[in-house]
Amino acid sequence: MATPRLVAVTRPLAEPVDPSALARADGVLLARADGTTIGTRGEALRVPLAEAASALAAIAVDDPVDRPGTGPLAVGALPFQPGAPADLIVPATAVVLAADGQAWVTQVGVEGDGPPAPLDLDDLLAPRAPLAGPGRFTVTSGRPPEEWCDAVAAATAQIRSGRLEKVVLAREITVEADAPIDVAAVVHRLRLGFPGCYVFQVDGFVGASPELLVARHGTEVRSQPMAGTAPRRGDPVADADAVARLQASASYRHEHQVTIDAVYDALVPFCSYLDFEAEPSVVALPNVTHLATTVAGQLSSPTPSVLELVAALHPTPAVCGRPRAAALEVIDELEGFDRGPYAGAVGWTDRHGQGEWAVAIRSAVIDGAHARVFAGNGMVADSDPPTELVETRAKLQAVLSVLVRP
């Protein structure tokens, strides 16, 4: 029996909407710093990553809006480990709010079943009663801090031996609560606390990432890798001094350049023009400061899809290391846990291969009353284990501060 064909119907929305209300706790939410927000509910399809492009192409389209992000979308989170199984979701309903204020809804259903029922905006915007939430939490480090510092020392020794140039080692913190954790409430706090980040929610995986892996709009491509971090203390003088030391640090500048070179080398085969900023900029978040550099250019013809660009880039040295194969081996040897979606990629693509994907850092996996929280740091030859430990604590605090809250 033939599989019924799907049809995607996109219509503009005249009334102001908040796509996060559609996502609630069980949908997908992707919210960018400029206000661009995608909220979804339900699944028309869940397909393996390799089949996402063909699945979108097979869907009939009724789309008078016709701009990036209209028509059927595929959304989701990809794992850190290259080649690990990964699915993307084609939402049954997706509401998109663009940075310019235009909004639209796309509904995907079976062709021939008649037009989809109009979206009930009253239901969409209805306030959701928050869960009672936990009152007590137990927070446990996945391994003793001293043991993690020993792993950092072992990694830097391997770098000095010439096995590799850089490696990223992460830490895992587990949280046990006395009641289910309210995912929607956690995401809401992330959006309030980290407005400059890409906030996401996919299948209980939540986070606020400052780092753009890659975006493709038309023939334009852009990435903003980050490497080199300093904790913020809330004192303007101390923070300014930390930024100055970050910018002047030969170790951090080397770590940063390794990442920029790798991103450039991965993208340039797809481009007719590609360049990056001569000097890194400073990205200040509430808890840390990063060095960041924008890499941007024009794609050649035939234009690659954003998923092809993700495959070429991921995992970058910002979350893995360089050379990639050696870094993956060292991570497997020294890290001590399965990252799952942490340090993977999270985002969306449309039927034209356009889309945006962030590096899935500053994140946690929430499952009922249990959560796993992650943070990592890049190591080069002269990295100092106690300093790296302090920096991971600052990064972990970004998520723990909105997760562990009665």
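The values are calculated or read from the model by the stated rules, or taken from the named source; none is laboratory data. If you're wondering where the values come from, they're calculated on a predicted model, not measured in any experiment. Here the Cβ is made from the backbone with ideal geometry for all residues, glycine too, and neighbour counts use every protein chain on show.
Things worth noting here:
- When we screen GLU356, GLU308 for residues that are among the acidic types (Asp, Glu), closer than 18 Å to ARG216 by Cα and in a helix (DSSP H, G or I), the only hit is GLU308.
- Those residues of the range 373-388 which are over 21 Å from THR316 (Cα atoms) and assigned to a loop (DSSP other than H, G, I, E, B), in sequence order: ASP384
- Residue count, the range 22-38 (criterion: in a strand (DSSP E or B) and either without any contact (Cβ under 8 Å) to a residue 12 or more places away in the chain or of a type in the set (Val, Ile, Thr) (or both)): 2
- Out of LEU396, LEU389, sole residue that is at pLDDT below 95, more than 23 Å from PRO195 (Cβ to Cβ) and either hydrophobic (A, V, I, L, M, F, W, C) or not assigned by TED's automatic domain parsing to the domain that holds VAL330 (or both): LEU389
- Out of ARG405, ARG393, ARG351, one residue alone is basic (Lys, Arg), surrounded by fewer than 22 Cβ atoms within 10 Å (Cβ to Cβ) and within 27 Å of ARG67 (Cα to Cα). It is ARG351.
- Selection status of ALA250, touching a helix residue (DSSP H, G or I) at 6+ places or on another chain (Cβ under 9 Å) and small (Gly, Ala, Ser): no
- Of all residues assigned to the range 180-190, at least one qualifies as being over 30 Å from GLU356 (Cβ atoms) and in a loop (DSSP other than H, G, I, E, B).
- Of everything in the range 290-349 that is of a type in the set (Ser, Thr, Tyr) and either out of contact with any helix residue (DSSP H, G or I) (no Cβ under 9 Å at 6 or more places or on another chain) or touching a residue at least 40 places away in the same chain (Cβ under 8 Å) (or both), the residue that is farthest from ALA157 (Cα to Cα) is SER301.
- Each residue in the range 198-236 was checked for being more than 30 Å from PRO302 (Cα to Cα), part of a strand (DSSP E or B) and of a type in the set (Gly, Ala, Ser), and 6 pass.
- In the set ILE159, ILE89, only one residue is in contact with a Gly (Cβ under 6 Å, 6 or more places away or on another chain) and at pLDDT 90 or above; that residue is ILE89.
- Test: residue in the range 7-24 that is closer than 23 Å to LEU307 by Cα and small (Gly, Ala, Ser): yes
- Consider the range 34-59 and keep the residues that are more than 19 Å from GLN354 (Cβ to Cβ) and small (Gly, Ala, Ser). The one that is surrounded by the most Cβ atoms within 10 Å (Cβ to Cβ) is ALA44.
- Residue ID - modelled with the lowest pLDDT, chosen from residues in the range 92-127 that are of a type in the set (A, V, I, L, M) and not in a strand (DSSP E or B): LEU125
- Of all residues in the range 70-91, those satisfying the criterion of being surrounded by 23 or more Cβ atoms within 10 Å (Cβ to Cβ) and part of a loop (DSSP other than H, G, I, E, B) are THR70, GLY71, PRO72, PHE80.
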